[in-house]
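The values are calculated or read from the model by the stated rules, or taken from the named source; none is laboratory data. Fair warning: this is a prediction, and the values are worked out from it, not measured in the lab. Here Cβ is always computed from backbone atoms with ideal geometry, including for glycine, and neighbour counts include all displayed protein chains. Areas reflect the complete protein model, heavy atoms only, side chains present, ligands, DNA and RNA absent. Shrake-Rupley method; radii C 1.70, N 1.55, O 1.52, S 1.80 Å.
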Amino acid sequence: MKLTTEIKEYIDKSVLCWLATVSTDSVPNVSPKEIFNYYGTDKIIIANIASPKSVRNIKQNPNVCISFIDILIQKGFQIKGKGEIIEKNDSEFSEMEKILIKMTGGKFPFVTITKINIGEVKTIIAPKYVLYPETTEKQQIESAKKAYGI
């Protein structure tokens with residue numbers, strides 16, 4: 001599965017993504033991630049800044065799910081795939097690190113990166129768009145700003 005231009009645009013607009021992992025005991029874990037980006041045409045990368053449980057879970061069970069939305073438009077994507085922990089000595093690490101350090105400005109150290117190989121993509125859309133199909137993105141933005149006090 002390839003990352004479309006639209007998915008990349010939503011990654012660029014999203015402040016956080018949510019990474020879901022599961023332990024070998026089938027205990028789910030969902031963790032917010034601030035430093036993430038796309039890599040190539042079919043991968044997402046995440047800086048592991050404070051993620052010991054996510055890293056441990058991925059090493060034991062590579063099945064992951066990531067979701068991200070534009071909080072004002074209230075649309076985005078859910079992506080399922082296989083996660084892999086990339087260590088400093090991995091040949092891909094330095095290229096991935098450059099992308100993520102550009103985002104952190106070097107302020108958040110990380111020694112591993114989670115690489116997600118995309119398997120399945122699903123659109124996320126606020127229920128209002130479905131229940132009230134005449135809802136425009138502009139109306140949704142105004143409504144979200146009011147709800148968030150912006």
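Over the chain, with every protein chain in place, what whole percent of the accessible area is carbon and sulfur at 1.4 Å, could you tell me?
55
With a sphere of radius 15 Å drawn around the Cβ of VAL130, what net charge do the other residues whose Cβ falls strictly inside it have (Lys, Arg +1; Asp, Glu -1)?
On the way: positive: LYS75, LYS122, LYS128; negative: GLU134, GLU137.
Here the charged neighbours net out to +1.
Starting from 0.36 nm per residue, how many nanometres of slack lie between ASP12 and LYS82 once their C-alpha separation is accounted for? Write down the numbers at each step before the final one.
Numbers: separation 70, 0.36 × 70 = 25.20 nm, distance 2.15 nm.
Here the segment from ASP12 to LYS82 would lengthen by 23.0 nm.
Could you work out the local net charge near ILE58, counting Lys and Arg as +1, Asp and Glu as -1, over the other residues with Cβ closer than 13 Å to its Cβ? Mind dumping the intermediate values first?
On the way: positive: LYS33, LYS53, ARG56, LYS59, LYS82, LYS115; negative: GLU84, GLU87.
So the environment of ILE58 carries a net charge of +4.
I need the calculated FRET efficiency for the pair ASN89 and ASP42, taking r as the beta carbon distance and R₀ as 25 Å, to the nearest 0.05.
0.60
At a 1.4 Å probe radius, which order do SER91, SER26, SER54, SER143 fall into by accessible area, largest first? Each step should come with its number before you reach the end.
Values: SER91 110, SER26 90, SER54 5, SER143 50 Å².
Descending order: SER91, SER26, SER143, SER54.
First measure r as the distance between the Cβ atoms of ASP25 and VAL55, then evaluate 1/(1 + (r/R0)^6) with R0 = 22 Å and state the FRET efficiency to the nearest 0.05. Let's see the in-between values first.
Numbers: r = 16 Å, r/R0 = 0.74.
Step by step, r from the Cβ atoms, then E = 0.85.
Which is the longest part of the chain that has none of the trypsin sites (Lys or Arg not before Pro) sitting in a DSSP loop with at most 10 other Cβ atoms within 10 Å? Each step should come with its number before you reach the end.
On the way: sites that count: LYS2, LYS107.
Longest site-free region, per DSSP loop and neighbour criteria: 3-106.
In square angstrom, what is the accessible area per residue of the chain with a 1.4 angstrom probe? Please list the in-between numbers first.
Details: 8700 Å² over 150 residues.
On a per-residue basis, the chain sits at 58 Å².
Need one word for region 1-100: rounded, prolate or oblate. Basis is the Cα gyration tensor (sqrt eigenvalues a ≥ b ≥ c); a/c below 1.5 gives rounded, then a/b vs b/c decides. Spell out each step's value before the answer.
Working: a/c = 1.73, a/b = 1.20, b/c = 1.45.
Because a/c hits 1.5 or more and a/b fails to exceed b/c, region 1-100 counts as oblate.
As a check on your grasp of the helix formula, calculate [θ] at 222 nm for the chain: sum -39500 (n - 2.57) over DSSP H runs of n ≥ 4, divide by the residue count, round to the nearest 500.
Working: 5 runs with 47 residues, N = 150.
My calculation for the chain gives -9000 deg cm²/dmol from helical runs alone.
Given the pairs LYS75/LYS115; LYS102/LYS146; LYS53/LYS145; LYS33/LYS98; LYS8/LYS138, which are separated by over 29 angstrom at their Cα positions? Write out the running numbers ahead of the final one.
Values: LYS75/LYS115 23 Å; LYS102/LYS146 33 Å; LYS53/LYS145 34 Å; LYS33/LYS98 17 Å; LYS8/LYS138 21 Å.
The answer is LYS102/LYS146; LYS53/LYS145.
Work out how much length MET103 to VAL130 would gain on full extension: take 0.36 nm times their residue separation and subtract the Cα-Cα distance, in nm to one decimal. The partial results should precede the final answer.
Working: separation 27, 0.36 × 27 = 9.72 nm, distance 3.43 nm.
Net length gain for the segment: 6.3 nm.
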